[in-house]
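As structure tokens, the structure follows; a few thoughts come after it.
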Amino acid sequence: MAVSEAPLAANDSLRARAREFLERRHRLHPGEIVPWLLIAAVLFVFPDRTTFGTQVLIAIMFALSLDLILGYAGIVTLGHAAFFGIGAYTVAILSARLGWGEPISMLLAAALLAGLAGLVSGWFLLRYSGLTLLMLTLATAVLLQEFGNYRSDITGGYDGVPGMTIWPILGWFENDLYGRNYYVFTAIVLLVVFYIVRRIIHSPFGQALIGIRENVRRMHAIGSPVHRRLVTAYTIAAAIAGVAGALFAESTAYTTLGVFDFDNSAKVMVMLILGGTGRLYGAFVGATIYMILEDEFSKAVPEYWQFGIGLVLVLAVLFARRGLLGLFEDAAASLRRSRS
Amino acid sequence: MLTVGGTVLPSFAAIVSILFDGLAYAMVLFTISVGLSITMGLMGFVNLAHGAFAMFGGYLVVTLTRSLGVPFLPSLVVAAVVIGALSVPFEKVLYSRLYRAGELDQVLLTIGLAFMAIATCTMIYGPAPVTVPLPSVLTGQIDIGVRTVPAYRAFVIVVGVALIAVLGFAFERTSIGAKIRAAVDNRRMAQSVGINVDRLFTLTFAVGSGLAAFGGGLAIQAFGLTPSFAILYLVFFLLIVSVGGLGSLKGTLVASILLGVFDVGGKYLTPEAGGFFIYALALVILLVKPAGLYGRE
């Protein structure tokens, strides 16, 4: 920001105060250990459900990446599945076509390619807003899907990529029957990703994103490079979504063009809204609850499940705009008020 | 057949086929999208449930013709009127609360409604594609001089052209049309000179939903009706609306024809590339003209 760069004593004290504010926000809260304890507990309480648990962790990561751009920067996208799909296909093509199946390097490759796609598309698309941006993001995802279908000799089209061989993690940990190794692997990757996102949110850059979300004109007026900030956030979010997609492809050794579906973009948005946007842990709460409910209900009568999700969305918009975590905070606040 | 650089050039008959099929396709797209364009232009409301109104219209036609024995053509009209009327409470109770909200809220509400609509239709009609009994006039082939074409597609084109004429007249020559155009251009100014924009919006919303239902009925035999119709073709309707420009009748028509003909042509000439062309085309148009071909910057 231009102001803070002026060599004035007053600004130095201002800067010190801002620094203190951000550091206070960034300090770890003791309650933040809870989700990680729960994630670890699953290994012992539900040792035979870790395959499903891995998918939940992947969904959390995907929703977390959306939170960075939707919840913090306020970019409404209908095509976030594009980056998840790029990540998944990076793994699929590397392992099935190019004979490289090393999991960790494939995650990095996926992050790189998805991030690159985020950089290029973001640079073009993020000049627009509103309906145009919605359409452009949506069209980008569909375009990638159609391109995948066009080159189905490489992608396998809607039938999926055959013959993906994923090597053991670190040359040692195979993807066993219950998928415990992948559960641990995914949890560790999620922890790393979460740490990165958390640092970004509480950095001056993260505050600038919130500023853009709240009042873009003012951010322009104080000289913040809005477009560059948005593209940076979009690129990081794309890279994280790419890692989530890559983990999906690695853990299931399977991918079809369905990953680019509009449904996939909508689903991750529903998860995030359900948990609450712009609050980091909303992704954890929303994705976990969504995945468990879907697992319980969608097999029995898929129509009821879809109807229920639709109803929840409508109710959430009308009555609980800040998600489950928002409801929880409101309840806690009113409890405190009634006590005092 | 002529070939250039390995690509087979389409014959004259093939070009006629592409244009004809593309035009029929475009008319269905136009009928469904036009209401969406006008309502979005008026209120800036992102309505992802518009495809659901079209789908309900289609299924209503199915029920009317199959279960109640109503002929196809009257069924189309009845479906349009019923869905148009039923859309009003939705607009009054749900949509009107979110006019001033951000597009995210509008997207979420209307995706929610679309999901509920899809689930409801799956429960009632099942997930398989449905068909309707057509009058014998519409099932055969007719000769248009150059070649014979399916009668149903010719019928769709005739209906579409008639609809364009009626809408064009209503939009350009009636006082309601003038009020709509004024409100799309500048809502505040229109309100200041005494136009009741809220009522105007309810009216266009009802007419738009009714037209969508009519289009949904036409779509059954043109591109098949399943419950996923509401989301599957929504991408297409939204692209037409944004490529044409919000609130522009002419834009919606041009975009419908452009995307309809290119889609049919693309699939005909290079089946494997499928819809790739139209999405690329739409993307380029939007990048060059973000407000659409006939939209206001």
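A short reminder: the numbers here are calculations on the coordinates, not readings from a lab. From a predicted model like this one, the values you see are computed outputs, not experimental measurements. Methodologically, a virtual Cβ is constructed for each residue, glycine included, from the backbone with ideal geometry; neighbour enumeration extends over all protein chains shown.
Which whole-number percent of Cα pairs in chain B have a distance greater than 36 Å?
Values: 6984 of 43956 pairs.
Cα-Cα pairs of chain B separated by over 36 Å account for 16 percent.
Under the convention that each Lys and Arg Cβ holds +1 and each Asp and Glu Cβ holds -1, the size of the dipole of chain A around its Cα centre is about 1540 debye. Helix A:81-96 and the longest principal axis of the C-alpha atoms of chain A enclose an angle of approximately 40°.
Counting only other residues whose beta carbon sits under 12 Å from that of residue B:267, what net charge do I get with K and R as +1, D and E as -1? Provide the component values of the computation, followed by the final result.
Values: positive: none; negative: A:146, B:21, B:263, B:272.
Surrounding charge for residue B:267 is -4.
Qualifying trypsin sites (Lys or Arg not before Pro) in region B:17-101, where qualification requires a DSSP coil assignment and no more than 16 other C-beta atoms within 10 Å, comprise B:100. For region A:93-158, the square roots a ≥ b ≥ c of the C-alpha gyration tensor eigenvalues yield an a/c of 1.5 or more together with a/b not exceeding b/c, which makes the shape oblate. Between helix B:276-288 and chain B there is an angle of about 40 degrees, using the helix long axis and the longest principal axis of the Cα atoms. Expressed in units of 2.2 N^0.38 Å, where N is the residue count, the Cα radius of gyration of region A:216-333 is 1.28. Once backbone amide H atoms are built at 1.01 Å from N, residue B:141 has B:151 as its partners under 5 Å, excluding neighbours fewer than 5 places away on the same chain. Only alpha carbons enter this Debye calculation for the protein assembly as shown, each as an equal point scatterer, and the log10 of I(q)/I(0) it gives at q = 0.07, 0.10, 0.12 Å⁻¹ is -0.49, -0.98, -1.34.
Per-peptide packing, taken as the mean over residues of other Cβ atoms within 10 Å, places A:316-322, B:129-135, A:332-338 in the sequence A:316-322, B:129-135, A:332-338 from highest down.
Scanning residues 5 or more positions from residue B:225 or on other chains, those with amide H under 5 Å from its amide H are B:130, with H placed 1.01 Å from N in the peptide plane. The lysines whose alpha-carbon is closer than 20 Å to the alpha-carbon of residue A:299, local same-chain residues fewer than 8 away aside, are A:267. Listed by chain and number, the lysines placed with their C-alpha closer than 25 angstrom to that of residue B:179 are B:92, B:250; residues fewer than eight positions away on the same chain are left out.
In order along region A:294-304, the phi-based Karplus estimate (6.51 cos²θ - 1.76 cosθ + 1.60, θ = phi - 60°) of 3J(HN,Hα) comes to 4, 4, 6, 9, 5, 6, 4, 9, x, 5, 4 Hz; Gly and Pro are listed as x. What net charge do the residues around residue B:59 carry, taking every other residue with its C-beta under 15 Å from that of residue B:59, with Lys and Arg at +1 and Asp and Glu at -1? Local charge sum for residue B:59: 0.
For the protein assembly as shown, the residue among B:98, B:152, B:165 whose Cα projects farthest onto the positive side of the dipole built from Cβ charges is B:98. Dipole check for region A:193-255: with +1 at the C-beta of Lys and Arg, -1 at the C-beta of Asp and Glu, and the Cα centre as origin, the magnitude is about 340 Debye. Solvent-free Debye calculation, one equal scatterer per alpha-carbon of chain A: log10 I(q)/I(0) at 0.07, 0.10 Å⁻¹ equals -0.31, -0.63.
Spherically averaged projected area of the convex hull of Cα atoms, region A:128-246: 10.6 nm². For chain B, a simple Cβ point-charge model (Lys and Arg +1, Asp and Glu -1, everything else neutral) yields a dipole of about 540 debye relative to the Cα centre.
Angle of helix A:226-252 to the longest C-alpha principal axis of chain A, folded into 0 to 90 degrees and rounded to 10: 30°. Could you work out the local net charge near residue A:192, counting Lys and Arg as +1, Asp and Glu as -1, over the other residues with Cβ closer than 15 Å to its Cβ? Computed value for this residue: +2. Exposure proxy shown here: for B:250, A:299, B:267, the number of other Cβ atoms within 10 Å sets the order, fewest to most, as A:299, B:250, B:267. Residue-wise HN-Hα couplings along region B:161-176, as the Karplus relation 6.51 cos²θ - 1.76 cosθ + 1.60 with θ = phi - 60° gives them from phi, are 5, 4, 4, 4, 4, 5, 5, x, 5, 4, 6, 9, 10, 9, 6, 5 Hz; Gly and Pro carry x.
Got a sec? How would A:167, A:100 order by Cβ neighbour count within 10 Å, fewest to most?
Values: A:167 18, A:100 14.
Going from sparsest to densest Cβ surroundings: A:100, A:167.
Once you treat every alpha carbon in region B:4-154 as an equal point and sum by Debye, what is log10 I(q)/I(0) at q = 0.11, 0.21 Å⁻¹? Reported log10 I(q)/I(0), two decimals: -0.61, -1.34.
In the elastic network of chain A, a GNM with C-alpha springs shorter than 10 Å, the most mobile of A:127, A:19, A:180 is A:19.
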